[in-house]
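None of the figures in this text is laboratory data; all of them are computed from the coordinates on show. Please read all numbers here as calculations on a predicted model, not as lab measurements. Cβ placement follows ideal geometry from the backbone for every residue including glycine, while neighbour counts extend to all protein chains displayed.
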Amino acid sequence: MTGEFIHFIECDDIQSEDRLFYDEIVFFGDEADLDEGGIADNIETVSMIERYSFAEGRIQFFYNDDPACREANQLDPDTKWIVSYNGHNSIPTAWEYTDEPYDVQ
């Protein structure tokens, strides 16, 4: 229940057949954006809330910093995104990350 809350994921591993968690949240941006004070530092807060609140049907949190991976996922490669993946029969939901803060609630 402790340690790293957000892990790097290779582009080909997003929603792969052998994934450990069905639901995945992927931040498409730089790892430094996840650090305290970065534009996406609230993602770690959300991942901590999820980990400590739910024991079943957990979500895994990842990041990928490769612009080519954004393109492969039909996202603007020059923009930072957070995407919720919920399996092969579900359409991913994407939100653009900007300098405006997101409310984690």
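Which FRET efficiency value, to the nearest 0.05, is calculated for ASP99 and ASP18 with the Förster distance at 25 angstrom and r the Cβ-Cβ distance?
It comes to 0.10.
Classify the stretch 6-97: rounded, prolate or oblate, from the alpha-carbon gyration tensor (a ≥ b ≥ c, eigenvalue square roots; a/c under 1.5 rounded; otherwise prolate if a/b is larger than b/c)?
Working: a/c = 1.81, a/b = 1.08, b/c = 1.67.
Judged from the Cα gyration tensor, the stretch 6-97 comes out oblate (a/c at least 1.5, b/c at or above a/b).
By how many nm would the segment from ILE91 to GLN74 grow when fully extended, if each residue of separation counts as 0.36 nm and the alpha-carbon distance is taken off?
Contour length minus the Cα-Cα distance gives 4.9 nm.
Pairs of Cα atoms nearer than 8 Å and 6+ residues apart set the relative contact order; for the stretch 10-89 it is 45 percent. Here the 3J(HN,Hα) profile of the stretch 36-50, calculated from phi with Karplus coefficients 6.51, -1.76 and 1.60 at θ = phi - 60°, is 3, x, x, 5, 10, 5, 6, 5, 5, 4, 4, 5, 5, 4, 5 Hz, Gly and Pro shown as x.
Highest first, please rank the peptides 7-19, 59-71, 36-48 by the mean number of other Cβ atoms sitting within 10 Å of their residues. It would help to have the intermediate numbers written out before the result.
Working: 7-19: 12.7, 59-71: 17.9, 36-48: 16.2.
Ranking, from highest mean packing down: 59-71, 36-48, 7-19.
Distance between the pseudo-spin-label points of SER84 and ARG58 (7 Å out from Cα toward the beta carbon): 1.9 nm.
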